[in-house]
1. Could you please find all residues in segment 45-72 being hydrophobic (A, V, I, L, M, F, W, C) and either buried (at least 20 other Cβ atoms within 10 Å of the Cβ) or touching a helix residue (DSSP H, G or I) at 6+ places or on another chain (Cβ under 6 Å) (or both)?
2. For residues that are free of Cβ contacts under 8 Å to residues at least 24 places away in the same chain and in a loop (DSSP other than H, G, I, E, B), scanning just segment 114-135, find the one that is farthest from H56 (Cα to Cα).
3. Among the residues of segment 82-90, is there at least one that is in contact with a Leu (Cβ under 8 Å, 6 or more places away or on another chain), of a type in the set (K, R) and buried (at least 18 other Cβ atoms within 10 Å of the Cβ)?
4. Please indicate, with yes or no, whether at least one residue in segment 27-44 is of a type in the set (A, V, I, L, M, F, W, C), farther than 27 Å from R142 by Cβ and surrounded by fewer than 19 Cβ atoms within 10 Å (Cβ to Cβ).
5. Only one of these is more than 16 Å from A109 (Cβ to Cβ) and modelled with pLDDT of 95 or more: A46, A87. Name it.
6. Which condition breaks for N77 when tested against (1) surrounded by 15 or more Cβ atoms within 10 Å (Cβ to Cβ); (2) of a type outside the set (V, I, T); (3) more than 26 Å from G24 (Cβ to Cβ); (4) out of contact with any Gly (no Cβ under 9 Å at 6 or more places or on another chain)?
7. Just checking, how many residues over segment 76-107 are out of contact with any helix residue (DSSP H, G or I) (no Cβ under 9 Å at 6 or more places or on another chain) and of a type in the set (V, I, T)?
8. Pick out the one residue from L137, L129 that is more than 22 Å from V18 (Cβ to Cβ), hydrophobic (A, V, I, L, M, F, W, C), touching a Lys or Arg at 6+ places or on another chain (Cβ under 7 Å) and surrounded by 15 or more Cβ atoms within 10 Å (Cβ to Cβ).
Amino acid sequence: MRRKARELAFKVLFEHLVGGVPLGEAWEHALELEEPPADAETRAFAERLVQGFLRHQEAVDRALAETIEGWSFSQMNQTDLVLLRLATYEALFEETPFPPLIEVAVKIAKRYGGEDSGRFVNGVLARLLERIEAGELKAVPRTS
């Protein structure tokens with residue numbers, strides 16, 4: 001359920017942020033294409049991720065920009081950027097354990113991104129995790 005929700009949130013944010021599609025329309029379009037249709041729990045988690053990112057976009061982008069060395073957002077593959085923004089939001093503001101968060105982000109990157117997207121996303125998120133564990137970035141505490 002969570003992987004499908006993350007993928008749905010990714011599709012919505014990609015259409016909205018990269019395609020310039022109004023958020024409501026991006027939701028409608030993404031939900032129309034879901035096969036099988038997302039259940040209520042999946043949609044609710046996806047919406048929580050999208051709204052959470054939009055609410056904290058400035059903090060997410062700042063943390064991501066400080067973590068990615070040698071790349072500006074405009075230079076990056078936009079698929080990778082949207083996915084990293086979503087995963088960074090979740091790493092900083094949700095209680096999701098890091099290993100499954102990174103694993104799912106890498107899988108989505110491989111599915112929708114370029115040839116090197118999986119490695120790139122994995123490397124950035126690993127560095128982000130190092131920064132969180134070192135106390136350089138503040139994140140919500142994880143539950144065991």
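The values are calculated or read from the model by the stated rules, or taken from the named source; none is laboratory data. Since we're looking at a predicted model, the values are computed, not measured. Positions of Cβ are generated from backbone atoms using ideal geometry, with glycine treated the same way; all protein chains shown enter the neighbour counts.
1. Answer for segment 45-72, where residues must be hydrophobic (A, V, I, L, M, F, W, C) and either buried (at least 20 other Cβ atoms within 10 Å of the Cβ) or touching a helix residue (DSSP H, G or I) at 6+ places or on another chain (Cβ under 6 Å) (or both): F45, A46, L49, V50, F53, V60, A63, L64, I68.
2. Keep residues of segment 114-135 that are free of Cβ contacts under 8 Å to residues at least 24 places away in the same chain, which gives 115-116, 118-119, 122-123, 130, 133-135.
The next check asks that each one be in a loop (DSSP other than H, G, I, E, B); those that pass are 115-116, 134-135.
Working: E115: 29, D116: 28, A134: 22, G135: 19 Å.
Among those that are free of Cβ contacts under 8 Å to residues at least 24 places away in the same chain and in a loop (DSSP other than H, G, I, E, B), it is E115.
3. Quick first cut of segment 82-90, residues in contact with a Leu (Cβ under 8 Å, 6 or more places away or on another chain) only: 82, 84-90.
Applying the additional criterion that residues be of a type in the set (K, R) yields 85.
If we keep only those that are buried (at least 18 other Cβ atoms within 10 Å of the Cβ) too, we end up with 85.
There is at least one residue in segment 82-90 that is in contact with a Leu (Cβ under 8 Å, 6 or more places away or on another chain), of a type in the set (K, R) and buried (at least 18 other Cβ atoms within 10 Å of the Cβ).
4. So in segment 27-44, the residues of a type in the set (A, V, I, L, M, F, W, C) come out as 27, 30-31, 33, 38, 40, 44.
When the remaining residues are screened for being farther than 27 Å from R142 by Cβ, the result is 27, 30-31, 33.
From what's left, surrounded by fewer than 19 Cβ atoms within 10 Å (Cβ to Cβ): 31, 33.
Among the residues of segment 27-44, at least one is of a type in the set (A, V, I, L, M, F, W, C), farther than 27 Å from R142 by Cβ and surrounded by fewer than 19 Cβ atoms within 10 Å (Cβ to Cβ), which makes the answer yes.
5. Working: A87 fails: more than 16 Å from A109 (Cβ to Cβ).
Step by step, each of A46, A87 is checked, and only A46 is more than 16 Å from A109 (Cβ to Cβ) and modelled with pLDDT of 95 or more.
6. The failed condition is (4).
7. So the answer is 0.
8. Numbers: L129 fails: touching a Lys or Arg at 6+ places or on another chain (Cβ under 7 Å).
It is L137.
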